[in-house]
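Data block below; observations after.
Read-outs: derived from the displayed coordinates by stated rules, not from any lab. A quick note: this is a predicted structure, and the numbers were derived from the prediction, not measured. Counting neighbours? That spans all protein chains shown, and the Cβs are built from the backbone with ideal geometry, glycine included.
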Amino acid sequence: MVSKLQQSIVVESTSENGALGGLRMTKQRKLVYDVLMDERDHPTATEVYIRSKERMSSISLATVYNCLETLSAAGLVKQVNVGRDASRYCPNLAPHAHFICGKCEEVYDIGLKNDAEMESVWALPEGTRIDHLEVAMKGLCAKCNAKQKA
Ligand SMILES: [Zn+2]
Ligand SMILES: [Zn+2]
């Protein structure tokens with residue numbers, strides 16, 4: 001998994017002219033992106049809005065939704081769908097799966113073991129290339145599982 005430090009280096013190197021991943025960063029987009037980067041707990045759009053408002057009181061929920069959509073479309077942010085609940089947002093661009101705890105609803109980033117190639121993890125047909133990984137696992141996180149056993 002790419003560490004926070006590594007990822008911020010990647011971001012800096014692509015944002016010299018105010019663009020990130022080819023996307024023009026408006027003040028609002030940058031703010032929404034920063035909110036996601038600062039606390040990587042897979043917040044919903046509403047939670048992103050509450051946090052954004054603390055830094056820019058004029059920002060609206062509609063603007064936050066727009067920014068999230070644009071950032072997702074540009075591939076800078078991943079949308080995580082947790083059952084029928086509101087989508088969550090994840091700025092981790094390293095290949096990873098999501099583990100969703102059925103009890104506390106916490107979402108965890110699950111990286112690949114020992115920097116494994118994505119292709120080597122699955123029984124893919126020979127010659128297949130993965131461009132986008134979207135894997136969700138459900139179960140009980142270690143904390144909830146321990147509580148359940150006790
Ligand atoms: Zn849990
Ligand atoms: Zn994630």
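Backbone phi angles across segment 119-133, fed through the Karplus curve with coefficients 6.51, -1.76 and 1.60 (θ = phi - 60°), yield HN-Hα couplings of 4, 7, 7, 10, 7, 7, x, 3, x, 6, 10, 9, 9, 8, 10 Hz in residue order; Gly and Pro are listed as x. Label positions at E119 and T26, each projected 7 Å from the Cα along the C-beta direction, are separated by 4.0 nm. Look at where the Cα atoms of segment 119-141 and of segment 85-118 average out, and the two centres are 12 Å apart. The number of Lys pairs in the chain with C-alpha atoms less than 15 Å apart, excluding pairs fewer than 8 positions apart on the same chain, is 6. Each label point was placed 7 Å from the Cα along the Cα-to-Cβ direction; for L133 and E39 their separation is 2.7 nm. What are the trypsin sites (Lys or Arg not before Pro) within segment 20-120 that DSSP puts in a loop, where the Cβ has at most 16 other Cβ atoms within 10 Å? Answer in residue order: R40, R84, K103. Ranked by the mean number of other Cβ atoms within 10 Å of their residues, highest first, the peptides 121-128, 91-98 come out as 91-98, 121-128. The P(r) of the chain has a tail past 26 Å containing 33 percent of all C-alpha pairs. Modelled spin labels at L140 and D85, positioned 7 Å past Cα toward Cβ, are 1.7 nm from each other. Antiparallel versus total DSSP beta bridges in the chain: what percent is that, nearest 5? Just about 75 percent of them are antiparallel. Would you compute the Debye intensity of segment 96-149 from its alpha-carbon atoms alone, equal scatterers and no solvent, and pass along log10 I(q)/I(0) at q = 0.17, 0.32 Å⁻¹ to two decimals? Calculated log10 I(q)/I(0) at the listed q: -0.64, -1.24.
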